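The values are calculated or read from the model by the stated rules, or taken from the named source; none is laboratory data. Everything numeric in this text was worked out from a predicted model, so none of it was measured. Reconstructed Cβ throughout: ideal geometry from the backbone, glycine too, with neighbour counts over all protein chains shown. The area values use the complete protein model at the heavy-atom level, side chains included, leaving out ligands, DNA and RNA. Shrake-Rupley method; radii C 1.70, N 1.55, O 1.52, S 1.80 Å.
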Amino acid sequence: MNFDVMIEALPDLMGGLWLTLGLVALALVVGFAIALPTALARLSPLAPLRMVAGIYVFFFRGTPLLVQIFLIYYGLSQFEGIRESFLWPVLREPFWCTLIALALNTGAYTAEVFRGGILSVAHNQIEAARAIGMSPATAFRRIIWPQTIRQALPAYGNEMILMVKASSLASTVTLMDITGVARTLAAETYMPIEIYTMAAVIYLALTFAMSQVIHLLEWKMDVTRARA
Amino acid sequence: MTDRIAPPVFDLEGFGHLLFQGTLMTIQLALVSLVFGLAFGLIGATMKLSRYRVLRILAGIYTALIRGIPELMVILFVYYGGVILLNNFAGWLGYDSYIDVSAFAAGVTALSLTFGAYATEIFRGAIHAVPTNQIEAARAIGMSPATIFRRILLPQVWRFALPGLGNTFLIILKETALVSVIGLEELMRKTDMAVGYTKEPFTFFLFAALIYLAMTAFVMMVQQGLERRANRGVAGRALS
């Protein structure tokens, strides 16, 4: 092990950390925004809505993320209509394509997590809310959602950590995230063990920090503690 | 020949056989990784439940490392770093010629290490889920430890572990795509080659996606079948 190489690589790898963090944060926000309506659509009484949401979830959970990224980044250029549209400046950028793929991917997984959470809410609570005259929207906001998020938090936290790891695929479309920087450095220095170890340490620190934050959130939302 | 399997909306321009070969390689990679991964998982779970602190700590480090690092990083590390480590080790043993590591071997190593880390936790949970009084009862009627393992523990651990193992295998099946990054000619790599010739990335990547989807659906069906079989005769299932 050449420790000098490891220490020298640190500033460059930290440079990649920002891209990793940016991708993960944006993907989680957009993914969340996709997941909630998708979960509701999956539980909707309207069959077409259920079907569309079901196909979306099945496709994005059933195929590798790498295919999804390539399909968006390389695939969309096949269509002249897209190449000539106003969207092209966005869709030809590896950053936006990766972000779209990550967001759609985590949106599908998170939708299933939320769906499970919504289903776990006792049905008589919803009936009671209706009986005292709450509108469906109010019942969702006040009764269903607080319990859903509490129930879903451990699985959602897991998904957040998986997103950190999934963001490493950005390096396959030339982006310089932590993995992208590490691959370049490893090729330049011929010292893959040192460089990848250092990158792995950064990822471990990141996933560890994230799991601590999730634990804190779970602890804060734990109602049984407040009652005791 | 394989082109005829394709729905008519896809004109694969004679590259169907390429994707078919890639699919076979992907299946091979996933299955071999499953076998080694199950072995790693059993070893890991045994270590975590061991009386010896050192073994428990080692297994803990193994699962924490694998679960905290991106799979792509594990693959890159095993492929580029593994060669160096292996040759240093061989040199230390007095073996001088250069040993090459194939992309397949590196892929299997990385994927089975990943599968093993998740399986370790799954097996540990499943072994814990078997009530201890059953084991005491078995011992009381004079069963040997080996018989207890085979007749009491194994059928129930298998049943408790199946859902988790199935889900983890689905994850590994999708992660085989990452091994294309180190040049293994599995489905992703072959699709990439076809795209290079035809300049039709959307058509071919979408077709590859549908092949993965079909494999996922098949594995899910097998998983359900196995679970139904493992759960046969379990009281409570009739109630639900």
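Derived scalar couplings between HN and Hα for the stretch B:181-198 equal 5, 9, x, 5, 8, 8, 4, 4, 5, 5, 4, 4, 5, 4, 5, x, 7, 8 Hz in order, rounded to whole Hz, by the Karplus curve 6.51 cos²θ - 1.76 cosθ + 1.60 (θ = phi - 60°), x for Gly and Pro. When trypsin sites (Lys or Arg not before Pro) are flagged only if DSSP places them in a loop and at most 15 other Cβ atoms lie within 10 Å, the longest unflagged stretch of chain B comes out as B:52-198. Taking a straight line from the alpha carbon of B:K190, these lysines sit under 16 Å away, with near neighbours fewer than eight places off in the same chain left out: B:K174, B:K199.
For the stretch B:1-110, taking the reciprocal of the average inverse distance between every pair of different Cα atoms yields a Kirkwood hydrodynamic radius of 17.3 Å. Karplus-based coupling profile of the stretch B:114-127, in residue order and whole Hz: 5, 4, x, 5, 5, 5, 4, 5, 5, 5, 4, x, 5, 5, with θ = phi - 60° in 6.51 cos²θ - 1.76 cosθ + 1.60 and x standing for Gly or Pro. Couplings 3J(HN,Hα) of the stretch A:77-87, computed from phi: 5, 5, 9, 4, x, 6, 4, 9, 7, 5, 7 Hz, in residue order, whole Hz [Karplus 6.51 cos²θ - 1.76 cosθ + 1.60, θ = phi - 60°; x for Gly and Pro]. Between chain A and chain B, the total buried accessible area stands at approximately 3000 Å², from heavy atoms with a 1.4 Å probe.
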